[in-house]
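Engineer: The structure's right below; bear with me while I get my questions together.
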Amino acid sequence: MKNNKVIILGLIAVLLIAIGLTLIFYVSSTFKINGENPITISYKTDYKDKGATFKNIFGDFTKRIKTYNYVKTDKIGDYKVDYYAKFAGIKIHKSRLVSVADKNSPVITFSGGDLLKVCPNKTYNMDDFTAIDDVDGDLTDNVKVYKEEDKMVYSVSDKSGNSTVIHRDYFLGDNENPVIELKGESLISLSIGEKYFEQGYTVTDNCFDLRDKVVVTDNIDNTKAGSYAVTYSVTDDSGNTTKIERTVNVKPSTTEKKPSAADNPGTPGVIYFTFDDGPSGSGSTAKILDTLKKYNIKATFFVTGSGPDDLIKREYEEGHKIAAHTYTHDYSKVYSSVDGYFNDLNLVNARIKKITGTETNIIRFPGGSNNTVSNKYNKGIMNTLTKEVTARGYIYFDWNVDASDAFNCAKKTVKDKETCVYKNVIGGLSKKKTNVVLMHDIKGYSANVLEKIIIYALDNGYSFQTISENTKQIKFK
Ligand code: ZN
């Protein structure tokens, strides 16, 4: 009996101690949420939860807190953060309320700048701004625009009631100068006599189209060295003026003269084979090319508008010089007038350019520069043409060895035409001069006898070249 009583009393004592400890645990416990609760944060801003602390008489149990954070900052709404503390099998729970809200006002931006300018020739279209809200997006269409005394007012609110009101200064009128920009360099150098070429400009204005309003003037005298100005000036309809200049310096001419073909003493003993009137598709041009190839000699072909393109191409590709003779070889056209001459020359030059891709300034007049046939069509035209072609940058070549293969040797009475041509050429060659030999590649007998002429020239120590700008100019007048 006594023993049972002791056991029961002991159990009661243990129970009382347990109850006591639990009471002490509860009474002494502090479970606290750190920082604000509830809290409101801005949409799409970082949320860093400050957590909670849990302590009692037995110690600090903060580390044992389990936290569950449900906050989503990219969505407007109310969220919870839950904290759970556990001690001796007992759970305690607290939570924080976090509201994600639209706290920011819409932002109004002006594309034309903070000061509103309205041109006198335009009306304000109210289309130079945007209103963007971080939550509601584009609110431009909701913006109310109205005038208030000397300001333009722009007002807008987002769905959460955040509003923006801007009082914008405005200016009705135009006080901006037009802008002229030069095309090309603003400093140009010319030689005396060189023509000034206007490269133009662009003009822009905040209000008006002034493309036809720019006045360009200059005081250039290209016959005198000096510094000159080209002036560009424009005034818009509001009276704003812009004036700019381009400087043109005319340089004094240097006394040094470019050496010309006429001044060139030439190289004695050189033969320039020149073949006129081709190409010919009859075989004579091809035969001449074969012979020249055999001896690796380069010649000059003064071509016309007739014959196959392929032969000119072959001449060019095999290293011969392609020069211009005439397109039609019709004296009545070529020598009808200066224009008539150059029209014909331009045609043959265009053919050369088309076939070879290169241009030439080496020419030969039909009949030579001293021909008298031309007088029949335009008296004295050769005097004009010889000066005019030179002024236009061409170099004309006559000849000083004449095969006469289109004249004397071509006559019916001459039976052995090849010997005739051979004698004429051999008889004209000299080691003391440069030899510009006139032949015609449209003549079969000239093609046939060419090899014999070459063998003679080689045996006698001649060398061969093509005509270029640097060749001593052989001319009759
Ligand atoms: Zn000719």
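Engineer: Please give the Cα centre distance for the range 174-206 versus the range 63-128, rounded to the nearest Å.
Structural biologist: That distance is 56 Å.
Engineer: Mind checking which lysines have their C-alpha under 21 Å from residue 117, skipping anything on the same chain fewer than 8 residues away?
Structural biologist: Those lysines meeting the cut-off are 144, 147, 151.
Engineer: OK, next. Against the 2.2 N^0.38 Å scaling, with N counting residues, where does the range 268-338 land? I'd like the Cα-based Rg ratio to two decimal places.
Structural biologist: Compared with the compact-globule rule of thumb, the range 268-338 sits at 1.20.
Engineer: On a 0 to 90 degree scale, rounded to 10, what angle separates helix 381-391 from the longest Cα axis of the chain?
Structural biologist: The two axes meet at around 30 degrees.
Engineer: How far is helix 2-28 tilted off the main Cα axis of the chain, in degrees rounded to 10, range 0 to 90?
Structural biologist: Its long axis makes an angle of about 50 degrees.
Engineer: Another question, if that's okay. Which length gain, in nm to one decimal place, applies between residue 4 and residue 185 when the Cα-Cα distance is subtracted from 0.36 nm times their residue separation?
Structural biologist: 53.0 nm
Engineer: Give me the mean projected area, in nm² to one decimal, of the convex hull enclosing the Cα positions of the range 143-224.
Structural biologist: Answer in nm², one decimal: 9.8.
Engineer: Can you tell me the 0 to 90 degree angle between the C-alpha axis of helix 444-459 and the longest principal axis of the chain, rounded to 10?
Structural biologist: Long axis of 444-459 versus the principal axis of the chain: about 90 degrees.
Engineer: Could you work out how much longer the chain between residue 215 and residue 99 gets when fully extended? Use 0.36 nm per residue separation minus the Cα distance between them, nm to one decimal.
Structural biologist: 35.0 nm
Engineer: Can I ask one more? One-quarter of the Cα convex hull surface for the chain, in nm²?
Structural biologist: 55.5
Engineer: Restricting attention to the range 277-371, which chymotrypsin sites (Phe, Trp or Tyr not before Pro) occupy a DSSP loop and are surrounded by at most 14 other Cβ atoms within 10 Å?
Structural biologist: When the chymotrypsin sites (Phe, Trp or Tyr not before Pro) of the range 277-371 are filtered for loop state and at most 14 Cβ neighbours within 10 Å, 295 remain.
Engineer: Amide H to amide H, which residues 5 or more places from residue 192 or on other chains are under 5 Å from it, using H placed in the peptide plane?
Structural biologist: 251, 253
Engineer: Still on this structure: Classify the range 33-140 from the C-alpha gyration tensor, please: rounded if a/c falls under 1.5, else prolate or oblate depending on whether a/b exceeds b/c.
Structural biologist: Cα axes put the range 33-140 in the prolate bin.
Engineer: Right, here's the next one. Could you quote the convex hull projected area for the range 391-463, Cα atoms only and averaged over all directions, in nm²?
Structural biologist: Directional mean of the projected Cα hull area for the range 391-463 stands at 6.2 nm².
Engineer: Placing one identical point scatterer on every Cα of the range 270-464 and ignoring solvent, what is log10 I(q)/I(0) from the Debye formula at q = 0.09, 0.13 Å⁻¹?
Structural biologist: -0.32, -0.68
Engineer: Please give the peptides 402-410, 390-398 ranked by average Cβ packing (other Cβ atoms within 10 Å per residue), highest first, as a rough proxy for protection.
Structural biologist: Those peptides, ordered most packed to least, come out 402-410, 390-398.
Engineer: What pairs in 333/412; 411/431; 183/251; 103/159; 32/63; 321/477 have C-alpha atoms more than 19 Å from each other?
Structural biologist: 333/412; 411/431; 183/251; 321/477
Engineer: Would you mind checking the radius of gyration and Dmax of the range 179-251 based on alpha-carbon positions, in Å?
Structural biologist: Calculated on Cα positions, Rg and Dmax stand at 13.7, 42 Å.
Engineer: What lysines could a cross-link reach from residue 415, if we take a straight Cα to Cα line under 20 Å and drop same-chain neighbours fewer than 8 places away?
Structural biologist: 423, 443, 452
Engineer: Could you tell me the extents of the range 107-172's C-alpha atoms along the three principal axes, largest first, rounded to whole Å?
Structural biologist: 39, 21, 16
Engineer: What aspartates and glutamates could a cross-link reach from residue 50, if we take a straight Cα to Cα line under 20 Å and drop same-chain neighbours fewer than 8 places away?
Structural biologist: 36, 60, 74, 78, 82
Engineer: What are the equivalent ellipsoid semi-axes of the range 118-268, built from the alpha-carbon gyration tensor (square roots of five times its eigenvalues), in whole angstrom, biggest first?
Structural biologist: 60, 20, 10
Read-outs throughout are calculated quantities, based only on the coordinates presented, and are distinct from any laboratory measurement. Keep in mind it's a predicted model, so treat the numbers as computed, not measured. As a convention, Cβ positions derive from the backbone with ideal geometry for all residues, glycine included, and neighbour counts pool all protein chains shown.
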